[in-house]
Structures are given as structure tokens and as C-alpha cells.
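The values are calculated or read from the model by the stated rules, or taken from the named source; none is laboratory data. If you're wondering where the values come from, they're calculated on a predicted model, not measured in any experiment. Backbone-built Cβ (ideal geometry, glycine too); neighbour counts: all protein chains shown.
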Amino acid sequence: MIPTNVVQVYEDVEGGVLDRCFDGKLLTFHVIINRSDEGNFDQLDDAIKFSYLFILGHVLLRIEYIKNVPKWACMFVENLIGFECFPWGTYIYSQTVYYLRRFMTGRNKKSQNSNKR
């Protein structure tokens, strides 16, 4: 989903927001929203990181509330400047084109399986 060269840069961050707030466990976007509503943050930057995770998941990637936050996203927000400098528009555009082409050429397995029924 995210380019592999970016994922390799953002591997596990010891003492990062995922470790500090959730003991390194995977979390859902619903948990992020609840934690943000409570306003309980260990560090000042954590509020920003939670906001970025929410924007990334719901606005840019359109991930459902009940789905797990991708671990790469949790690692990516640890570097706020890197997150802000990442070419999100280019990335989202390329993903949109990829999935539209896939749908238009009939490579969408879900639609093929549902048509057989």
C-alpha cells in the first residue's frame, strides 16, 4: 500500500506513540477517536500524531473505523516533518488510478466472484 522504501525507513520506533499509549499492540481507528476525545496524551506531540493518524486513515486512505491502523502509519507519524513533507497528493492519486484501472479491466476479484452467483 505504501511504497516499500518509505516503510523501511519507518520501522519500529522504541518509545513511540504506539509503544507509549498502547503497549505496542495494534489498534483500530475507533480507539484513536476515543483516545482523542479523552484528551489523555503522554506527550504534547501525541495529540498531533493521533490527528495525523485519523486524517491519514479516514480522509486519505478511507479505512473503516473498525479496521486496524496499519503499523507503518504509526511509525510514519513519529517523524512529523517527514509526514508533512511526504507527497500525499501524488501517492493518493497514483493509488486511485491503480484501483480504477484494476476495476475497469475486470481485475476486481470481489466483483467477479459476486457476478458468478
#### Entry: Among the candidates Tyr93, Tyr65, residue that is at pLDDT 80 or above and among the hydroxyl-bearing types (Ser, Thr, Tyr)
Tyr93
### Contacts under 7 angstrom Cβ, first residue in region 83-98 being touching a residue at least 24 places away in the same chain (Cβ under 8 Å), partner surrounded by 14 or more Cβ atoms within 10 Å (Cβ to Cβ) and among the hydroxyl-bearing types (Ser, Thr, Tyr), 6 or more apart
Phe83/Tyr52
### Total residues in region 1-19, condition of a type in the set (A, V, I, L, M), modelled with pLDDT under 70 and not in a loop (DSSP other than H, G, I, E, B)
3
### Task
Can you tell me which residue among Phe54, Phe22, Phe83 is modelled with pLDDT under 75 and either loosely packed, with under 10 Cβ neighbours inside 10 Å or not acidic (Asp, Glu) (or both)?
Phe22
### Query
When Tyr99 is evaluated against the numbered criteria (1) within 16 Å of the chain's Cα centre (by Cα); (2) at pLDDT 80 or above, which criterion, by number, is the only one it fails?
(1)
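Identify, please: which residue in region 58-75 is closer than 22 Å to Gly15 by Cα and in a helix (DSSP H, G or I) and is, among those, nearest to the chain's Cα centre (by Cα)? Step through it out loud before you land on a result.
The first filter runs over region 58-75 and keeps only residues closer than 22 Å to Gly15 by Cα, leaving 68-75.
Applying the additional criterion that residues be in a helix (DSSP H, G or I) yields 71-75.
Values: Lys71: 8, Trp72: 7, Ala73: 4, Cys74: 7, Met75: 10 Å.
Restricting to residues being closer than 22 Å to Gly15 by Cα and in a helix (DSSP H, G or I), the top hit is Ala73.
Is it the case that some residue within region 29-47 is modelled with pLDDT of 85 or more and among the polar types (S, T, N, Q)?
No, region 29-47 has no match at all.
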